[in-house]
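Q: Would you mind keeping the following structure in view while I ask a few things?
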Amino acid sequence: MRFEDKVAVVTGAGSGMGREVALGIGREGGKVVIFDVNAEGAEATAAEIVDAGGSAVVHQGDVTVAADIAAAIDRARSELGGFDIIHNNAGVQLEKRLHDTTEEDWDWVNGVNLKGVFLGCREAVRAMRETGGGAIVNTASILAHTGDPFLPAYTATKTGVLGLTRAIAVDYAAEGIRANCVSPGDMETPMIEKYFNATDDPAAARAEMEAAYPGKRIADPREVANAVLFLASDDASFVNGEFIIVDGGLTASTY
Ligand SMILES: NC(=O)c1ccc[n+]([C@@H]2O[C@H](COP(=O)([O-])OP(=O)(O)OC[C@H]3O[C@@H](n4cnc5c(N)ncnc54)[C@H](O)[C@@H]3O)[C@@H](O)[C@H]2O)c1
């Protein structure tokens with residue numbers, strides 16, 4: 001029950017890893033604002049938490065809109081009784097080599113993945129400074145640590161998320177605010193399914209990806225959510241400005 005008496009906002013909680021983090025916080029006694037642009041997915045996550053006896057509210061919003069995030073934090077305080085944790089997790093992926101990437105592509109991926117995280121962090125810091133602190137966990141990627149020729153814009157945003165997280169960590173530690181990142185490898189979520197399905201041979205694309213991993217499989221999003229739950233909890237009370245890579249050893253290997 002690490003999240004008893006805690007209230008969290010989780011962005012992108014209508015699907016994939018954000019959903020698993022929200023369910024995990026709910027399982028351990030926390031109350032959650034399920035923030036997503038996709039209301040249907042968000043409602044499903046919230047219903048699962050409530051059906052299991054927990055507390056959750058849905059806030060349909062866009063992470064690129066500061067007022068949407070601020071409103072979600074307000075609802076955490078007014079409807080769930082506080083605001084202790086934000087997981088800035090909503091993200092989009094663009095599979096395009098650099099020479100094919102348009103300015104519109106760049107702005108879209110940066111808008112959601114980097115500006116969205118900036119706004120989530122800024123609104124959270126403003127609120128947490130008023131109440132004496134809290135925990136911020138941002139979803140980066142193994143592409144904050146390595147380069148992918150097919151995802152240059154995405155790689156740039158995730159590297160930016162790591163830098164932003166470190167700057168926040170050092171600036172606000174004295175006010176009781178911790179900021180950390182999780183850096184997932186490939187996970188079994190709708191995002192990766194979309195990637196496989198966009199290839200000529202989805203089964204072959206999946207097999208090739210799995211073969212690259214030392215354990216010959218990609219992650220269940222719950223395996224990554226567990227690292228987020230640790231970073232968001234008081235178990236990580238002196239962990240600040242850090243990242244946890246959860247990739248089954250992919251980036252540890254040379255060949
Ligand atoms: N799946 C992977 O292999 C993988 C690997 C590394 C990092 N990540 C990162 O993990 C995070 C979660 O990814 P996932 O795989 O669960 O993806 P997903 O597509 O399953 O879920 C992402 C959620 O974010 C929401 N979202 C997208 N744009 C939004 C916006 N502007 N405002 C609010 N919500 C928005 C979507 O509606 C969706 O519910 C992302 O930041 C992603 O970049 C994923």
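The values are calculated or read from the model by the stated rules, or taken from the named source; none is laboratory data. All values derive from a computational prediction rather than experimental measurement. Note: ideal-geometry Cβ built from the backbone for every residue, glycine included; neighbour counts use all protein chains shown. Accessible surface areas use protein heavy atoms only, side chains included; no ligands, DNA or RNA. Shrake-Rupley method; radii C 1.70, N 1.55, O 1.52, S 1.80 Å.
Q: Taking R0 as 22 Å, what's the FRET efficiency between H145 and F230 from their Cβ-Cβ distance, rounded to 0.05? Walk me through the intermediate numbers first.
A: Numbers: r = 19 Å, r/R0 = 0.86.
Computed FRET efficiency for H145 and F230 comes out at 0.70.
Q: Working only with C-alpha atoms, what are the Rg and Dmax values of the chain, expressed in angstrom?
A: Spelled out, the Cα radius of gyration and Dmax of the chain are 17.4, 52 Å.
Q: Give me the percent of accessible area attributable to carbon and sulfur for the chain, probe 1.4 angstrom.
A: Details: 6010 of 11600 Å².
Here carbon and sulfur together make up 52 percent of the probe-accessible area.
Q: For the stretch 210-255, what does the alpha-carbon gyration tensor say about shape, rounded, prolate or oblate, given a ≥ b ≥ c as the root eigenvalues, a/c under 1.5 as rounded, and a/b over b/c as prolate?
A: Since a/c reaches 1.5 but b/c is at least a/b, the shape of the stretch 210-255 is classed as oblate.
Q: Sticking with this one: Report the label-to-label distance for T131 and K96 in nanometres (one decimal), using points 7 Å from each Cα along the Cα→Cβ vector.
A: 4.0 nm
Q: Under a point spin-label approximation (7 Å from Cα along Cα-to-Cβ), what is the A203-R77 distance to one decimal in nm?
A: 5.5 nm
Q: Expected output is a single nm value to one decimal: the length gained when fully extending between A211 and E28, i.e. 0.36 nm times separation in residues minus the C-alpha distance. What is it?
A: Values: separation 183, 0.36 × 183 = 65.88 nm, distance 3.48 nm.
So the extension gain works out to 62.4 nm.
Q: Taking the solvent-accessible surface of protein heavy atoms with a 1.4 Å probe, what is the per residue accessible area of the chain in Å²? Walk me through the numbers before you get to the answer.
A: Values: 11600 Å² over 255 residues.
That works out to 45 Å² per residue.
Q: Run the quick spin-label model on R122 and A44: label points 7 Å from Cα toward the beta carbon, then report their separation in nm to one decimal.
A: Simple spin-label model gives 3.3 nm for this pair.
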